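The values are calculated or read from the model by the stated rules, or taken from the named source; none is laboratory data. Just so you know, these numbers come straight off a predicted model, no measurement behind them. Positions of Cβ are generated from backbone atoms using ideal geometry, with glycine treated the same way; all protein chains shown enter the neighbour counts.
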Amino acid sequence: MASDVPQQTSLPLGGQIRSILIALGFKPRTAVILVPYLWLTIFFVVPCIIILKISFAQTVIAQPPYTPMFGPESVPHDQLFDNFKRLFQDSLYYKAYLNSLNLAFFSTLICLLIGYPMAYGIARCSPSTRALLLLAIILPFWTSFLIRVYAWKSILSKEGVVNDLLLGLGIIDEPLLILYTPAAMYIGVVYTYLPFMILPLYANLEKMDLSLLEAAADLGCRPLKAFCVITIPLSLPGIIAGALLVFIPAVGEYVIPELLGGPNALMIGKVVADEFFQNRDWPMASAVAVAILIILVIPIMAFQYFQGKAQEAPK
Amino acid sequence: MAAERAKAEPSTQIWNDPNAQPYIRIENVTKKFGDFVAVNNVSANIYRGELFALLGGSGCGKTTLLRMLAGFEQPTSGKIYIDGVDMADIPPYERPTNMMFQSYALFPHMTVEQNVAFGLNHDKTPPDQIKSRVDAILDMVQMRQFAHRKPHQLSGGQRQRVALARSLVKEPKLLLLDEPLGALDKKLREATQFEIMNIQDRLGITFIVVTHDQEEAMTLSTRIGVMNNGQIVQVGTPKEIYEYPNTKFVADFIGSVNLFEGNIVEDEPGHVLIESTEAGCPIYIDHGISAAPGAKVWVAVRPEKMKLDKTKPDDANNCAGGVVKGIAYMGNMSVYLIKLDSGKEVKVTMSNQRRAAEHAIDWDDRVYVTWHANSPVALLS
């Protein structure tokens, strides 16, 4: 221990704090990591636990509007999972889950198909052009997300830019109905989350060693084939990172379906909001939210676990 | 230093045979990157079965020339023929060449086996043949037991051997090696040099090796092309390059050399006499050069061809007096740094034939540097 604190005398105050921390079992390094951990615990783990707790309660007309966890008014043990049971019994919920997963899945796919060529193109540009193009990707973030979605509303509406243009060119005779359809929702989600796909992909593709493609060509591999067997497998971490960054928020997306998808868009984000604000059923809203968390987190954790294992294995 | 090779014997010097067809013809090739001329009007003929080294410092254009042979760069002007075929419109994936990259460029997501099999897979080789050929080549480079490892699980030397195996497995007409042994330590480098020479003998593949390491070039190659500023300044066997450099640059680049500036006094077919204030003595060379009397020349003498004496020899020619300013003991030999009376410093190497010679030459001793009349080379540029 003594050898760990050689500067005790030369730095009186710092040394004292240090020796106290060390006496408490903290190394200076731990103290540094502690700050972000504390932050995450207070603002992420604790709220999650609170929501989990509420999801087991039942709604009551009171302040707060749910039964306490313990005590005489608490939920009987056999009714603890009632909220979760309802998720399976009421078709509203699982349909909303399916719709949301569907929207998220196809939006992710479209983002990948659009984003990959863009990221690839940017990564192969000269450094100065690269910076400019990246700026263009990030630029939309300078405007509020809500304003951008509203802008799409006016672009896609019956009197919007798209319809005006198509009518003016004589391609269509009467305005297309785009707004308040699933198509509008997809446009909104893809538009919003495309940068989250492009940026990790770019970071990955930019690092790629181009001599690998030369080596492939040298060994008789045509460029398109080399792209399939070298570039794509090597960019897999970027694809996965981008897909997760798009898929996860898209599942819980509330604003875009609400503004662009119309009243019939049954999405899980909207169900949570309705349960919470309109039905004032906090326990049910919490149960829906916890279920989303489980649906998203478990596959991701499993994936990371297996990926970690695959990388460790020497043979 | 230069390991003599059977191939370098006069009888097999194919490049001296006027009827021999060169296997690779590089004709007036120039490559510019913007304003920068990387390769400047290079021509060379390389014959089947040769192990040709392109030797030069960094930025001399040797790698660019190699990349043009592989097809990764297109010459700005000039032509490259491999086996009589103009390579201008042939993309890298259709050329009969394989390259071993300086960075090895192993595919990180594939195992050693998959890396080596990569080229064969793209040739539509039958699967059972692929397996046996991959195994055979991995045996040759002694990497069979690591066949299922990924590149990041290998050491630098192992990776280098996998890269060599990958470029060899297709048995290309022409194998291009870019600084093949750069990352290896001395022992492993020497072992691999001989391994490459064995492979070359066995498979009869034509090799072109790019290197900045003159020792590597000397050991490996049948002929060396010395490059400087985008041009090949001399082509010859290791012996020719070392013993008969044609310029100061080559003399200085290959091995170590002492250069004396001087003027020709006598130029007869049988001998040359050169007056040099730098040497402080007349230099007599027992072979003629064709240059006008009075012309400025540089006389190059290798350190190992010089001798040190404590007593003044009788012959006034080829004898310069000086003082020992430094001795570097290297085990098998010692390098002496002599400050001549003219102020010029020369290096002399002497092999340590006896363990502790009694009249050993020591620091600050007055000595005479002498050399035989056939040792020096007079250079006009």
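The criterion of at least 1 residues that are touching a helix residue (DSSP H, G or I) at 6+ places or on another chain (Cβ under 9 Å), closer than 30 Å to A:ALA265 by Cα and at pLDDT 85 or above is met by the following helices (runs of 4 or more DSSP H) wholly inside the range A:1-94: A:46-55, A:82-89.
Within the range B:153-164, is there a residue that is in contact (Cβ under 8 Å) with a residue 40 or more places away in the chain, in contact with a strand residue (DSSP E or B) (Cβ under 7 Å, 6 or more places away or on another chain) and either among the charged types (D, E, K, R) or buried (at least 21 other Cβ atoms within 10 Å of the Cβ) (or both)?
yes
Just one residue in the set A:LEU139, A:LEU176 is modelled with pLDDT under 90, hydrophobic (A, V, I, L, M, F, W, C) and more than 16 Å from A:GLU258 (Cβ to Cβ); that residue is A:LEU176. Scan the range A:196-217 residue by residue and report those that are closer than 15 Å to A:TYR120 by Cβ, part of a helix (DSSP H, G or I) and within 14 Å of chain B (Cβ to nearest Cβ). Of everything in the range A:196-217, those that are closer than 15 Å to A:TYR120 by Cβ, part of a helix (DSSP H, G or I) and within 14 Å of chain B (Cβ to nearest Cβ) turn out to be A:ASN204, A:LYS207, A:LEU212, A:LEU213.
Out of all the residues in the range A:218-231, which are outside any loop (DSSP other than H, G, I, E, B), farther than 17 Å from A:MET197 by Cβ and not hydrophobic (A, V, I, L, M, F, W, C)? Of everything in the range A:218-231, those that are outside any loop (DSSP other than H, G, I, E, B), farther than 17 Å from A:MET197 by Cβ and not hydrophobic (A, V, I, L, M, F, W, C) turn out to be A:ASP218, A:PRO223, A:LYS225.
Taking the numbered list (1) within 13 Å of chain A (Cβ to nearest Cβ); (2) under 20 Å from the mean Cα position of the chain (by Cα); (3) not charged (D, E, K, R) in turn, B:GLY119 passes all entries but (2).
Is there a residue in the range B:215-227 that is part of a loop (DSSP other than H, G, I, E, B) and over 26 Å from B:VAL112 (Cβ atoms)? Yes. Considering the range B:359-381, and only residues there that are aliphatic (A, V, I, L, M) and assigned to a loop (DSSP other than H, G, I, E, B), the residue that is nearest to the chain's Cα centre (by Cα) turns out to be B:LEU380. Select from the range B:62-81 the residues that are within 14 Å of chain A (Cβ to nearest Cβ) and either part of a strand (DSSP E or B) or on the phi > 0 side of the Ramachandran plot (or both) and list them in ascending order. Passing the criteria: only B:GLY71. Please indicate, with yes or no, whether at least one residue in the range B:288-303 is more than 15 Å from B:LEU379 (Cβ to Cβ), in contact (Cβ under 8 Å) with a residue 40 or more places away in the chain, over 26 Å from the mean Cα position of the chain (by Cα) and not assigned by TED's automatic domain parsing to the domain that holds B:ILE224. No: the range B:288-303 contains no residue that is more than 15 Å from B:LEU379 (Cβ to Cβ), in contact (Cβ under 8 Å) with a residue 40 or more places away in the chain, over 26 Å from the mean Cα position of the chain (by Cα) and not assigned by TED's automatic domain parsing to the domain that holds B:ILE224. Applying the condition of being more than 8 Å from chain A (Cβ to nearest Cβ) and within 16 Å of B:LYS173 (Cβ to Cβ) to the range B:96-114 and asking which residue is surrounded by the fewest Cβ atoms within 10 Å (Cβ to Cβ) yields B:PRO96. When the range A:21-61 is filtered for residues that are among the basic types (Lys, Arg), surrounded by 10 or more Cβ atoms within 10 Å (Cβ to Cβ) and over 30 Å from A:GLN79 (Cβ atoms), only A:LYS27 remains. Contact annotation: residue pairs with Cβ atoms under 8 Å, 6 or more positions apart or on different chains, pairing a residue in the range B:257-272 that is within 21 Å of B:GLU304 (Cα to Cα) with a partner that is modelled with pLDDT of 90 or more and among the aromatic types (Phe, Trp, Tyr), are B:LEU259/B:TRP298; B:PHE260/B:TRP298; B:GLU261/B:TRP298. When residues in the range A:232-291 are screened for being outside any helix (DSSP H, G or I), under 13 Å from A:ALA104 (Cβ atoms) and not hydrophobic (A, V, I, L, M, F, W, C), 3 of them pass.
Annotation note: of A:ILE268, A:ILE256, the sole residue that is within 30 Å of A:VAL60 (Cα to Cα), modelled with pLDDT of 90 or more, of a type in the set (A, V, I, L, M) and in the same structural domain as A:LEU194 (by TED's automatic domain parsing) is A:ILE268.
Counting the residues of the range B:82-95 that are surrounded by fewer than 17 Cβ atoms within 10 Å (Cβ to Cβ), assigned to a loop (DSSP other than H, G, I, E, B) and within 9 Å of another protein chain (Cβ to nearest Cβ) gives 1.
Of note, B:LYS170 does not satisfy the criterion of being facing chain A (nearest Cβ under 10 Å), of a type outside the set (Gly, Ala, Ser), part of a loop (DSSP other than H, G, I, E, B) and on the phi > 0 side of the Ramachandran plot. Would you pick out the residues in the range A:218-234 that are within 24 Å of B:LEU69 (Cα to Cα) and facing another protein chain (nearest Cβ under 10 Å)? Across the range A:218-234, the qualifying residues are A:ASP218, A:LEU219, A:GLY220, A:CYS221, A:ARG222, A:PRO223, A:LYS225, A:ALA226, A:ILE230. Within the range A:235-252, one or more residues are of a type outside the set (Lys, Arg) and within 10 Å of chain B (Cβ to nearest Cβ).
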